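Only one structure is covered here, and it is reproduced in the block below.
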Amino acid sequence: MKHHLLTLLLFNFIHLVNLFAGNGKPNIIVFIADDVSWNDLGCYGNNQVKSPVTDRLASHGIRFNNVYLTASSCSPSRNSILTGRYPHNTGAAELHTEPPLDMVSLRETLKSNGYFTAHSGKWHMGKYIERGFDVISRDYEEIGHSGSDSWVRVLKERPKGQPFFLWYAALDAHRPWGDNQYSGTHNPDSVIPPIYLHNGKETRQDLAQYYDEIFRFDKRIGEVIEELENQMILENTLIIIMADNGRPFPHSKSRVNDRGMKTPFIIHWPGKIGKKSRTSNSLISAIDIAPTLLEIAGADAPISFQGQSFLEVIEDPSEDFRNYVFAEHNWHDFEAHERMVRNKDFMYILNSRPNKPQLGPLDALNSPAFRELKYLYEKGKLSAAQTDVFVSPRPYEELYDCKNDSLQLLNIASVPEYNAILNELRSILKQWMKETGDNIPVNLTKDWYLPDPGYITTEDKDIRGEMPGFINNATQINHPGPF
């Protein structure tokens with residue numbers, strides 16, 4: 001009995017030492033999936049995908065239902081998260097571009113405030129991301145096909161007694177799908193595609209393989225959780241699970257609708273928020289993540305951050321936060337310029353290139369799911385929802401009643417009874433563009449590929465046009481726009 005008591009006291013002592021190492025500052029881990037839509041996890045109501053670890057963490061944390069990214073493209077979205085700025089304000093609004101090397105971000109701000117910082121997984125942001133990380137694990141031999149092979153090793157090898165920030169960037173579930181130990185977890189015959197995709201054999205198989213990669217992402221999170229428990233630091237570790245943009249299927253990735261822009265967002269932090277399941281319906285932008293984490297870490301946010309801390313929502317998920325969220329779609333394989341604003345109930349979209357169809361990015365365009373849609377489209381056998389990606393010209397303005405049309409399928413911009421909300425959101429978007437230095441360049445980056453399955457390049461391949469915001473020097477503008 002005496003031995004048992006001593007063991008229990010020693011365990012509690014070690015736990016307290018770990019809990020308050022680094023002057024009580026919490027450890028922070030951001031798990032960011034690659035190309036996963038908000039409702040492709042079990043805790044968001046998807047009963048087809050297996051995500052038990054994430055679901056368990058959500059049941060002991062906070063599930064956010066209305067967190068919006070600023071872009072439905074990998075690098076512009078990730079740059080926004082780390083800099084707390086809109087894509088055109090980072091100078092890297094288009095895919096495969098990077099901000100100025102001196103632009104301040106979350107990672108080096110945490111480092112200067114005593115945090116050990118590490119990146120492990122998908123890179124995708126050029127030399128810009130190199131600044132601010134103590135450890136970088138990005139080589140394929142280290143990270144593997146999933147992008148997560150080195151996650152546990154980095155956690156084990158970190159310096160002890162120092163708070164840490166780990167940016168764990170998975171390659172799951174980016175195309176092409178690869179065989180992994182979890183391939184075949186999801187049976188294609190049991191998969192029911194959403195109504196905007198065709199319920200065909202190829203599409204079901206495509207979705208099943210996509211779900212398999214989500215399952216691997218979930219499993220790797222579980223391995224990190226186990227290591228945190230082994231080190232007795234789970235209580236004081238704030239965990240975020242999210243994604244950078246929507247699923248790599250037609251109607252989703254690169255779109256400014258919920259399927260492209262809304263991200264799953266789960267916070268698990270037992271030492272602060274307890275283990276009770278809670279939800280938040282408050283509107284939150286991805287640019288708010290960095291200032292929130294800095295406030296939690298006891299650090300001041302740089303003046304360049306356009307986002308605001310939502311710590312008050314973490315402390316009380318019933319709190320409202322934003323009135324509006326904004327997003328943009330710029331070049332991603334194809335010429336584009338769309339802007340979106342959403343309030344609690346409505347979404348307004350301004351499309352400055354309505355002559356272009358919205359087939360999706362190249363990886364979605366070359367997917368089995370798209371092939372089935374295209375085959376049936378040419379035979380005139382698609383529903384209106386399925387046909388949407390082929391529509392050209394498109395409306396210049398779109399308005400959706402998100403409360404009654406959660407998939408944003410019925411454009412009500414021309415319905416007279418919605419004129420007031422149309423005018424309000426049109427005005428708010430115009431104000432946001434003006435105050436943040438956004439613009440609509442005449443010479444946008446053009447299509448690099450033919451808008452058809454295959455990888456046939458155009459004469460404009462590798463030629464960049466004018467970046468949105470460039471003429472207004474938007475990288476030097478810190479105004480956040482309407483809140």
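None of the figures in this text is laboratory data; all of them are computed from the coordinates on show. Because the structure is a prediction, the values reported are computed rather than measured. Don't worry about glycine lacking a Cβ; one is built from the backbone with ideal geometry, like all the others, and counts go over all protein chains shown.
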Check your understanding: Of 253/344; 156/253; 262/344; 111/272; 356/403, which ones are farther than 25 Å apart at the Cα?
Key -> 156/253; 356/403
Practice item. Would you mind ranking 109, 90 so that the residue whose beta carbon has the fewest other beta carbons within 10 Å leads the list? Key: 109, 90
Check your understanding: Cross-link partners among aspartates and glutamates for residue 160, C-alpha distance below 13 Å, same-chain residues fewer than 8 apart left out?
Key -> none
Review point. Mind ordering 255-264, 305-314 by average Cβ neighbours within 10 Å, highest first?
Key: 255-264, 305-314
Point to revise | Of the DSSP H helices in the chain, those whose Cα atoms cover at least 20 Å axially and whose Kyte score averages 0.0 or more | key: 2-19
Review point. Among 222-235, 155-168, how do they line up from the highest to the lowest mean number of other beta-carbon atoms within 10 Å?
Key: 155-168, 222-235
Exercise for review: Multiply the residue separation of residue 403 and residue 355 by 0.36 nm, subtract the distance between their alpha-carbon atoms, and state the gained length in nm to one decimal.
Suggested key: 14.4 nm
Study note, to complete from the structure: Asserting the computed 222 nm helical MRE of the chain (DSSP H runs at least 4 long, -39500 (n - 2.57) per run, divided by residue count, to nearest 500) equals -8500 deg cm²/dmol
Revision key, fill the gap. The chain: antiparallel bridges as % of DSSP beta bridges, rounded to 5, reads 50
